[in-house]
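One structure is given below, encoded as structure tokens.
The values are calculated or read from the model by the stated rules, or taken from the named source; none is laboratory data. Values in this document were obtained by computation on a predicted structure and should not be read as measured data. In this analysis, Cβ positions are derived from the backbone assuming ideal geometry, glycine residues included, and neighbour counts consider all displayed protein chains. Accessible surface areas use protein heavy atoms only, side chains included; no ligands, DNA or RNA. Shrake-Rupley method; radii C 1.70, N 1.55, O 1.52, S 1.80 Å.
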Amino acid sequence: MKLKTIALTTVSTNMTPAQKLYEGKAKIIYTTEDPDILLAEFKDDATAFNAQKRGTIQGKGSINCTISSKLFQKLAADGIKNHFIDSPASHQMRVKAVKIVPLEVVVRNIAAGSLCKQTGLELGTILEKPLVEFYYKDDNLGDPLLTRDRLRLLKLATEEQVESLINLALQVNNFLQDFWKQCGITLVDFKLEFGLDSQQQLLLADEISPDTCRLWDMAQSDPNQRVMDKDRFRQDLGNVENAYQAVLQRVLQLLES
Ligand code: TMP
Ligand code: ASP
């Protein structure tokens, strides 16, 4: 017993304790003993409509972290640089510390969500080519859609970075469309975030999960039954946990096969 106490004391004086750096709607970010590495802890909390709707999706933290970790590893193997290092627990991911670019990059293959609301396009309309959109990541402003000129005006990214972001987003779309298809899922749209590392290199960051992608079950034609993503929560469609679990199972099955 005595030896154990001494060992624990020694460890705690040698290491910098983890500090909570930031708490967002779906994740808590902690510092680690290495300034270049952060720990992201995924929460079960769910919000929608800029946090006007709040709830809990049991198991979401672990599910989203696991799916994101697998996808980031596959994307890295495919040449898409990202912030993933490893996953010490099912709801935790160690990531490279990056300066997040305050943009939400959305790619759409099929009309849904705000695209339908703002343009009148019918839900489910297949887009001739993927649409890449930039939203200003600012909760106080309600994450507004940006024009290219507004992006320039606000100097949120250089022209070169904007071109890189579009190219990277389209590459990720090609990868994800194929990946989800193999899971029997149609990728409707998704949101990406990027960060800059100490060498000013753009790295894909944040998460890729049923919170950030619209995913439709290919085996279902009913517009409510096919939904396997956060729209079940946003639109009160029920069976939210089951849908997240089902997505995870399909991902794990595909990776094991
Ligand atoms: P939207 O149709 O509501 O603009 O959403 C487009 C995609 O972005 C959809 O897959 C959901 C995802 N998304 C987020 O990940 N976070 C957000 O805050 C919002 C509004 C959308
Ligand atoms: N995550 C966003 C929020 O709570 C919205 C969403 O995902 O629909 O504000």
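Just to be sure, is residue 154 in contact with a helix residue (DSSP H, G or I) (Cβ under 6 Å, 6 or more places away or on another chain), closer than 30 Å to residue 36 by Cβ and of a type outside the set (Ser, Thr, Tyr)? In short, no. Selection over the stretch 103-121 of residues that are away from ligand 2 (no atom under 15 Å from the Cβ) and open to solvent by 30 Å² or more (accessible area, probe 1.4 Å) gives a count of 3. Taking into account only those residues within the stretch 130-167 that are within 14 Å of ligand 2 (Cβ to nearest atom) and more than 20 Å from the chain's Cα centre (by Cα), which is least open to solvent (accessible area, probe 1.4 Å)? It comes out as 141. When the stretch 204-237 is filtered for residues that are part of a strand (DSSP E or B), more than 12 Å from ligand 2 (Cβ to nearest atom) and surrounded by 24 or more Cβ atoms within 10 Å (Cβ to Cβ), the ones remaining, listed by number, are 204, 215, 227. Comparison of 42, 49 shows that the only residue that is touching a His at 6+ places or on another chain (Cβ under 7 Å) and within 16 Å of ligand 2 (Cβ to nearest atom) is 42.
Residue 180 passes every criterion in (1) in contact with a strand residue (DSSP E or B) (Cβ under 9 Å, 6 or more places away or on another chain); (2) without any contact (Cβ under 8 Å) to a residue 60 or more places away in the chain; (3) not in a helix (DSSP H, G or I) apart from (3). The stretch 6-109 holds strands (runs of 3 or more DSSP E) entirely within its bounds, and those carrying 2 or more residues that are within 16 Å of ligand 1 (Cβ to nearest atom) and at pLDDT 95 or above map to 37-42, 45-48, 53-56.
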